[in-house]
Amino acid sequence: MSLQTPVCVVVGVGAGNGAAFARRFTTAGYRVALLSRSGQVTRQLAAELDGARAYDCDVTDAASVERTFGAIRSELGEVDVLIHNPGSGVWGNVEDITPGDFEASWKTNALGGLLVAQQVIPVMKKNRRGSIVFIGATASRRGGAKTAAFAPAKAAQKSLAESMARHLWPAGVHVALVLVDGVIDSPASRKRMPDKPESFFAQPSAIADQVFNLVQQKSSAWTFELEVRPFAEVW
């Protein structure tokens, strides 16, 4: 980490994992940049967290990404940890989805990951330290009937992360992929599934702990791919 207060960027901040990542890294002494397309959630969260700032950013747009990371470098400093936590995917079978749905899912998960990573890689390589964590899904390994847009996007994200890890690990940059298997506990998922027990949901705070542990690992025993799921999840 840098000698100054370390900086963590969380891309895709909502009420679930994104907010939990922000809280966990703030607790650990990081200044956190909160990125989302619309700033209502991020602005409220930034007001609660010491040293946090909210930024409106469309990660599928290169110009928007470049402007946002320029502001982060100016206001917070160089980035020590980047967490790419894209929003929910497009669901449907191959007959239901549109080409636009397919493209939008890929842009958010894969292209967005590329664009934000390219903003932090040069300095991380120069300093020979830093972490880039992709939040993926087990859908990246298999295409379900209703994941005709989501699974290919997550598969592209997974391949991108692995390629980056093979290229950047020797340069001292830890690239990792967290595969989440299960439904994230959030107000929206609870409303959608009111009859599900507590054990059904993956807790964002627990996932955030695992992500934080990843970025603390020694380079002699780095993890690339980590699976997390609720203990009651069938797999």
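Where a number appears in this text, it was derived from the coordinates with a stated rule and is not lab data. Just so we're clear, the structure is a prediction, and the values are computed from it rather than from any experiment. With ideal geometry, Cβ positions are generated from the backbone for all residues, glycine too; neighbour counts draw on all protein chains shown.
Observations, loosely collected:
- Ordering Ala54, Val90, Thr138 by Cα displacement along the dipole of the range 30-139 toward the positive end leaves Ala54 in first place; charges were set at the Cβ atoms of Lys, Arg (+1) and Asp, Glu (-1).
- About its Cα centre, the chain has a charge dipole of approximately 460 debye under the convention of +1 per Lys or Arg Cβ and -1 per Asp or Glu Cβ, with nothing else charged.
- Of all DSSP beta bridges in the chain, antiparallel share, percent nearest 5: 0 percent
- Averaging 1/r over each pair of different alpha-carbon atoms in the range 15-111 and inverting the result gives 14.6 Å, the Kirkwood hydrodynamic radius.
- Whole-angstrom gap from the range 163-180 to the range 52-80, using each part's C-alpha centre: 21 Å
- Semi-axis lengths, Å, the chain, gyration tensor of Cα atoms, sqrt of 5 times eigenvalues: 26, 20, 19
- Degrees between helix 150-168 axis and first principal axis of the chain (Cα, 0 to 90, nearest 10): 30 degrees
- Each of Trp106, Trp235 was scored by other Cβ atoms within 10 Å of its Cβ. Arranged with the fewest first, they read Trp235, Trp106.
- Full-stretch length increase - Ser219, Arg73 - with 0.36 nm per residue and alpha-carbon distance subtracted: 50.0 nm
- Angle in degrees between helix 17-27 and the longest Cα principal axis of the chain, rounded to the nearest 10: 30 degrees
- Global size of the range 52-159: 15.3, 48 Å for Rg and Dmax (C-alpha atoms, Rg to one decimal, Dmax whole).
- Greater than 32 Å apart at Cα, pairs in Lys191/Lys218; Lys196/Lys218; Lys154/Lys218; Lys146/Lys191; Lys126/Lys146: Lys191/Lys218; Lys196/Lys218; Lys126/Lys146
- Ranked packing of 15-28, 71-84, most packed first, by mean Cβ within 10 Å: 15-28, 71-84
- Remark: the range 5-12, residue by residue, has Karplus-estimated 3J(HN,Hα) of 4, x, 10, 10, 9, 10, 9, x Hz, where x stands for each Gly or Pro and the curve is 6.51 cos²θ - 1.76 cosθ + 1.60 at θ = phi - 60°.
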